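Bear in mind these aren't lab numbers, they're just calculated from the coordinates by the rules spelled out. Values in this document were obtained by computation on a predicted structure and should not be read as measured data. Glycine also receives a Cβ, built like all others from the backbone with ideal geometry; neighbour counts cover every protein chain displayed.
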């Protein structure tokens, strides 16, 4: 395959650039807009039921990405940004099937979706060479600290989950880079790390999450859209953090 094309579709190997970052960002925003419209069409509310229904598929996306990093899977379908389209399509398909079953048999769609996703996720996890649990020695104290700090705060539960998802991602990235020699692939964090210590990442990501909540609550008054955008930010934190965690536990 053409070397220049590979640089666009396999940034883990070649590194992210401003061009790939901008392109992926535009595709991402277009994608979340389309998905929002599809959810409206399917008459799926943006609520805890939807979050419960899609949670396993966030993990599936992260696990498939790690399987590609481990070369268990070799297709470029499983790298960024293709993996996002794949998981979005899979999730929407399962949601559609689950809603159809709910309408005919009165089984809650979120339960059908969740159970289906968890079964697939367990199967995928069993294929990974997870063995390096030493990383948890560094991670557990950090995650416990953020969990207690965030969930003892006086804010809505969805805001707490959003903030913790970003703290979760930051904690895993920090641990991987600080103690195990991993390198950041993205442009903006690399600029930050060239100007300040790694520890600033642990502060900045949760602060950006808090700022996002403030801005969304101030500017986005439409309830469904507000919740949807918060859910997207939460998904990003969980997905990136889980992929990095699995890579670390497999020493990839």
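A P(r) calculated from all alpha carbon pairs of region 1-128, with 10 Å bins opening at zero, reads 12, 37, 31, 17, 3, 0 percent. Normalised size of the chain, defined as Cα radius of gyration per 2.2 N^0.38 Å with N residues, equals 1.02. Once the Cβ-Cβ distance between residue 43 and residue 123 is put in as r, and R0 is 25 Å, what FRET efficiency do you end up with, to the nearest 0.05? With a Förster radius of 25 Å, E is 0.20.
Rounded to the nearest 0.05, what FRET efficiency do residue 134 and residue 204 give with R0 = 35 Å and r taken as the Cβ-Cβ distance? Could you check? After rounding to 0.05, the efficiency reads 0.85. A Förster distance of 45 Å, applied to the separation of the beta-carbon atoms of residue 211 and residue 96, puts the FRET efficiency at 0.80.
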